[in-house]
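Read the figures in this text as sums done on the coordinates, not as results from a lab. Worth saying up front: this structure is predicted, and the values here are computed from it rather than measured. So basically every Cβ, Gly included, is an ideal-geometry build from the backbone, and we count neighbours across all protein chains shown.
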Amino acid sequence: MIEITFPDGKKRTYEDGTTALQIAESISNQLAKNVLSAELNGKIIEANQPLYESGSLRLFTWDSDEGKRAFWHSSAHLMAQAILDYYPNAKLTIGPPIENGFYYDIDFGDDVFGEADFEKIEKQMLKRAQEKAEFKMRNVSKQEALEFYKDNPYKTELIQNLEDGTITFCDHSTFTDLCRGGHIPNTGFIKAVKILNAAGAYWRGDEKNKQLTRVYGISFPKQSMLDEYLQRLEEAKKRDHRRLGAELELFAFSQRVGKGLPLWLPKGTALRERLVKFLQEAQKKAGYQQVITPHIGHKDLYVCSGHYAKYGKDSFQPITTPEEGEEFLLKPMNCPHHCEIYRVKPRSYKELPLRLAEFGTVYRYEQSGELHGLTRVRGFTQDDAHIFCTPDQLKDEFKKVIDLVLYIFKALDFNEYKAQVSLRDPNNPDKYIGSEENWQKAEQAIIEAAAEKGLPTVVEYGEAAFYGPKLDFMVKDALGRMWQLGTIQVDYNLPERFELEYKGADNQMHRPVMIHRAPFGSMERFVAVLLEHCGGNFPIWLAPDQVIILPVSEKYHEYALKVAEQLNHHDIRAIIDERNEKVGRKIRDAEVSKIPYMIIVGEREQEHNILNVRKHGGETLGEMNIPTFVERLTNEINNLIPQFTNP
């Protein structure tokens, strides 16, 4: 017999060989119909896998991330099978689930696969799904695996890097794939599919390797779910920050400047500077001091910090100087520079916590295929800060940073979020630096601080930075997509590597603890997410232009100028559309530009010194005098920006 413990703490006994699906049936038939995958003692298992050990069992349905992952992982197998039905000579490589759907990288050889093929693959997937073929795992020896894939150099390369005795295949219907597991019970659960895209992708992400075809797809247990997803996808296209950024004249890219290096246009720069000012004002209240560090640093700085050993290949090539052996790097991160600022003079416990903040631009080499608008660039500015504190101050400082992050989310209308506690991968200790004792203290501080702030959290193993654990904030946007934005990290290791010290109350030297934090993450990524979240309709306090004045003809330009001057005098950003166009055309163009307020001025407005006010979206507010309009906008802006109070 085996004893199974459920998430609510209840326990039941079952015969050896009972599957997770049978256990679900013992609870309710409805639950069993919805179970997609399971987890025993923290390890993902097949729902139809016989169990021979006791432990904690979790059952996953579509409503869980784990359930979706198993569903989309299985769908990748189904798509690969359908593709081989039409392209039997294609060579499969890897096909993982992703945040929304799945993909498979495939070498089609001399065949060309494109959009014209999508529909037939979708139909074949649904035809195959109706077979209700079970997904079955089996162990194979390394020799067997290599023999099976002797004509597939990609799978052979993967197998060569696996240890004998750890290799498994997954079979369903006539299809077999090298796989670690984590599937739905059978293909019959898959009721709706869509091939979304086909793009080039280098084998293992290396530009020196052959370019494959990456086929993206998504699937659902109901057609209505797919229909809803496709509607959201269309809305996402309308909100694409690259499209809106061009339409609203916020930023641009130039091949001559270089891939992944954004150019901020005047309106985008004004938007960005207001975000910077907004955070700087809150940081000033919270006791931060602004610093500035160079855009380059000596290679030895990053060797000392450990970043070069871990991320040297992701940095730009070193910059050499005429001096022999002297090498510099474009700054890939700000923290080593801030450690050196800490070191400029002896420190006392009375100076701590020391909070150093910088909007520091850093540079990292991203492969061309990975670049994506502002969300994946080669040069970006982090709203970085590093807090140096005593171990006793750590938890309180960490909680204060949480308060700052939540303040930003509230001000920018990110109301749905969860906090991810990112810890070490217990099975891969070589990824990290530092002592076990310090890691345990850092992880415990984060877990306790999050609990004391009442944050909804999930724990993810293997997501920690190489020098310490962190708390990542996952924000849901208006389309229901999750984005990782703010992050807070605890670090005992950089103070060790840089030999940072402070004199304690006991007159002895001690090592400070370091907190890394970036509430926005990066200015580029944050603006991209914000742009898509609000669809370009920025909160009025942030909008590049708050008011546009539309004179009905040229003879009212002088009055329009007078109105603009008075509004600008009250710090309201107003522009004038002086084009020789009909007012209807001007209104339509102002709507496209997403300017919050339009003021139409003509003979009546000029004669009575009033304004005819219209809101973006079509709402007419009617006539009012300038002081009334100024008061309205001022109150609206003040009500939108909550006041930050340092706890």
Strictly under 4.7 angstrom between C-beta atoms: which cysteines of the chain have no such partner?
Cys304, Cys335, Cys339, Cys389, Cys534
So for each of 404-416, 88-100 I average, over its residues, the number of other beta carbons within 10 Å; can you give me the resulting order with the highest mean first?
404-416, 88-100
Using the 10 angstrom Cβ neighbour count as an exposure proxy, how do Ser37, Ser422, Ser348 rank, fewest first?
Ser348, Ser422, Ser37
Roughly what % of DSSP beta bridges within the range 547-640 run antiparallel, to the nearest 5?
55 percent
Treating the beta-carbon of each Lys and Arg as +1 and of each Asp and Glu as -1, no other charges, what is the dipole magnitude of the chain about its Cα centre, to the nearest 20 debye?
740 debye
Reachable aspartates and glutamates from Lys594, criterion Cα separation under 16 angstrom, eight or more residues apart if same chain:
Asp240, Glu247, Glu249, Glu532, Asp545, Asp577, Glu619
By the C-alpha gyration tensor axes a ≥ b ≥ c (rounded if a/c is under 1.5, else prolate when a/b exceeds b/c, else oblate), the shape of the range 343-464 is rounded
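Order of 108-120, 525-537 by packing, highest average Cβ count within 10 Å first?
Values: 108-120: 12.3, 525-537: 22.2.
Going from most to least packed, we get 525-537, 108-120.
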Once both axes come from the Cα atoms, what is the angle between helix 266-285 and the longest principal axis of the chain, in degrees from 0 to 90, rounded to 10?
80 degrees
Can I get the semi-axes of the chain's equivalent ellipsoid? Compute them from the C-alpha gyration tensor as square roots of 5 times the eigenvalues, in angstrom, largest first.
47, 36, 26
Which is farthest toward the positive dipole end of the range 270-534 among Thr320, Val344, Asn427, measuring Cα position about the Cα centre, with Cβ charges +1 (Lys, Arg) and -1 (Asp, Glu)?
Val344
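Could you order peptides 383-394, 207-218 by the average number of other Cβ atoms within 10 Å of their residues, highest first?
The densest-packed peptide leads the list: 383-394, 207-218.
Determine the calculated [θ] at 222 nm for the chain from helices alone, applying -39500 (n - 2.57) to every DSSP H run no shorter than 4 residues and normalising by the residue count; nearest 500 deg cm²/dmol.
It comes out at -10500 deg cm²/dmol, rounded to the nearest 500.
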Show which lysines lie in cross-link reach of Lys410 when reach means a straight Cα distance below 16 angstrom and same-chain residues fewer than eight apart are skipped.
Lys400, Lys418, Lys453, Lys476
Mean-position separation - Cα centroids, the range 81-156 and the range 454-512, in angstrom:
40 Å
Most positive-pole-ward Cα, Thr269, Met125, Ala90, against dipole of the chain from beta carbon charges:
Thr269
Cut-off under 20 Å on the C-alpha distance; same-chain residues fewer than 8 positions from Lys431 excluded. Which lysines are left, in chain and number order?
Lys310, Lys313, Lys441, Lys470
On a 0 to 90 degree scale, rounded to 10, what angle separates helix 436-452 from the longest Cα axis of the chain?
60 degrees
